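Peer 1: Before I ask anything, here is the structure I am working with.
What follows is calculated from the coordinates using simple rules that are stated; it is not laboratory data. Model, not experiment: these values are computed from the prediction. Note that each Cβ is placed from the backbone with ideal geometry, even for glycine, and that neighbours are counted across all protein chains shown.
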Amino acid sequence: MRDNILVIGSSGQIGTELVIELRKIYGNDHVVASDIIPSSEEIMSSGPYEKLDVTDADKLLAVVKKHHITQVYLLAAMLSAKAEKNIDFAWKLNMDALFNILNLAKEKIIKKIFWPSSIAVFGPNTKKELTPQCALTEPNTVYGISKLTGERWCEYYFNKFNVDVVSIRYPGLIGWKSEPGGGTTDYAVHIFHEALKNNTYTCFLSEKTTLPMMYMNDAIRATIEIMQTKAENVKIRSSYNIAGCSFNPMQIAAQIKSKQVEFTINYKVDFRQEIASSWPQSIDDSEAMKDWKWKAQCNLEKITHDMLDNLRIKYNISK
Ligand code: NAD
């Protein structure tokens, strides 16, 4: 039997791109997009969409039954910067969403789950360079606490109830097709838009704040690869470290200028600096490489080239 897939949070930064890639692989009719707000025109016009609040367990069950769903990609969450301003709501959304999906698999109503964690599970006392898979996890943000708790529950549901859930700890993600959703690494997307539109950007992180980042193409590929690998290859059922490339605002600004874009960067640090300073600078993803053959392809130069090229087309700006 063919898999039917439900993507929850299809209007967000990742969902916007993931739904389209999944539809290419599984067929448009087999990938149902869902969110509390409408998704992109491309998603809405190319296949099924359901308006769904994932915290509404009854509606969720009805959608799953209606479309004979076998796999769920749960992307709905409140991200790091937004969550610090909505503590109770963020905790409730991030945890209720995950439990609702894990319980569907526990009841054997669905077969497989993808749920993303984040580098936010690490904290200020974690080794910052090449942070290992089993590093100290003492997050000091609501978001990080919710992701670490989620990781523990994923592993628990796998061990106790044989729930086939897989997860990766995304670094900050960069893509040109969609807007970022309120995370601490959003600057690395906004900087490209502002460089082309206004030739200047005011960054909310300081110039030498190095963070692990990843191009969206790599993130989507990692997501689909871990879902498609044989279950026995997945040795870690909490969440895998994955790495793309690491850089700071000064380095990304230099890359933008090297592509003949007239550009100045200014700095006006805000509360997000404290979150960024508590996170790793680079990630050791050797376990993912060993277990399911993960390998990132994009570096900062390629990301800069691709972002500028695609945004020039989007904004109708000539070189
Ligand atoms: P996003 O904020 O861009 O998108 C989340 C989507 O979920 C939004 O479209 C929102 O409308 C939807 N949503 C919110 N509440 C909902 C609800 N109750 N029911 C259904 N949908 C709801 O986030 P994203 O960047 O696409 O991230 C997706 C996942 O990846 C999240 O779990 C996030 O924590 C994780 N992640 C993202 C990054 C990143 O850099 N983008 C990094 C690490 C982890």
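Peer 1: Assuming R0 = 30 Å, what is the FRET efficiency of LYS24 and LYS59, from their Cβ-Cβ distance, to the nearest 0.05?
Peer 2: 0.60
Peer 1: Would you mind checking LYS127/LYS295; LYS66/LYS235; LYS24/LYS111 for any pair whose Cα atoms are more than 26 angstrom apart?
Peer 2: Pairs exceeding 26 Å: LYS66/LYS235.
Peer 1: Okay, moving on. Which one, GLN251, ASN199, ALA231, projects farthest toward the positive side of the charge dipole computed for segment 180-279 from Cβ point charges (K/R +1, D/E -1)?
Peer 2: ALA231
Peer 1: Non-local amide H neighbours of THR202 (under 5 Å, H modeled in plane, Pro and chain starts lacking H): which ones?
Peer 2: Long-range HN contacts for THR202: ASN266.
Peer 1: Given q = 0.12, 0.14, 0.16 Å⁻¹, what are the Debye log10 I(q)/I(0) values for the chain, with equal point scatterers placed on the Cα positions and solvent ignored?
Peer 2: -0.80, -1.10, -1.42
Peer 1: Under a point-charge model restricted to the Cβ atoms of Lys and Arg (+1) and Asp and Glu (-1), what is the dipole moment magnitude of segment 172-275 relative to its Cα centre, in debye to the nearest 20?
Peer 2: 220 debye
Peer 1: A further question follows. What FRET efficiency, computed as 1/(1 + (r/R0)^6) with R0 = 25 Å and r the Cβ-Cβ distance, is obtained for LYS230 and ILE109, rounded to the nearest 0.05?
Peer 2: That gives a FRET efficiency of 0.65.
Peer 1: Where the centroid of each part is defined by its Cα atoms, how far is segment 189-258 from segment 34-58 in Å?
Peer 2: 26 Å
Peer 1: Quick check: the angle from helix 15-26's long axis to the longest principal axis of the chain, C-alpha only, nearest 10 degrees?
Peer 2: Helix 15-26 sits roughly 50 degrees off the main axis of the chain.
Peer 1: For the chain, build the charge dipole from Cβ charges (+1 Lys, Arg; -1 Asp, Glu) around the Cα centre, then report which of PHE263, ALA222, ILE14 sits farthest towards its positive end.
Peer 2: ALA222
Peer 1: Loop-only check: which trypsin sites (Lys or Arg not before Pro) in segment 237-290 are DSSP coil with at most 15 other Cβ within 10 angstrom?
Peer 2: Sparse-neighbourhood loop trypsin sites (Lys or Arg not before Pro): LYS259, LYS268.
Peer 1: Something else: What FRET efficiency do you get for HIS68 and GLU41 if R0 is 35 Å and r is their Cβ-Cβ distance, rounded to the nearest 0.05?
Peer 2: The calculated FRET efficiency here is 0.85.
Peer 1: Using +1 on the beta carbon of Lys and Arg, -1 on that of Asp and Glu, and nothing else charged, what's the dipole of segment 237-311 about the Cα centre, debye to 20?
Peer 2: Here segment 237-311 has a charge dipole of around 80 debye.
Peer 1: Which order do ILE109, ILE275 fall in if you start with the one that has the fewest other Cβ atoms within 10 Å?
Peer 2: ILE109, ILE275
Peer 1: Per DSSP helix of 4 or more residues, -39500 (n - 2.57); summed, then divided by the residues of the chain. What does that give at 222 nm, rounded to the nearest 500?
Peer 2: -13000 deg cm²/dmol
Peer 1: A follow-up question, please. Specify the longest stretch of the chain that does not include any exposed loop site, a site being one of the GluC sites (Glu not before Pro) with a non-H, G, I, E, B DSSP assignment and at most 12 other Cβ atoms within 10 Å.
Peer 2: The longest such stretch corresponds to 130-261.
Peer 1: May I ask you to evaluate 6.51 cos²θ - 1.76 cosθ + 1.60, the Karplus curve with θ = phi - 60°, for each residue of segment 166-174 and list the ³J(HN,Hα) values in order in whole Hz, giving x for glycine and proline?
Peer 2: Along segment 166-174, the couplings run 10, 8, 10, 8, 5, x, x, 10, 10 Hz.
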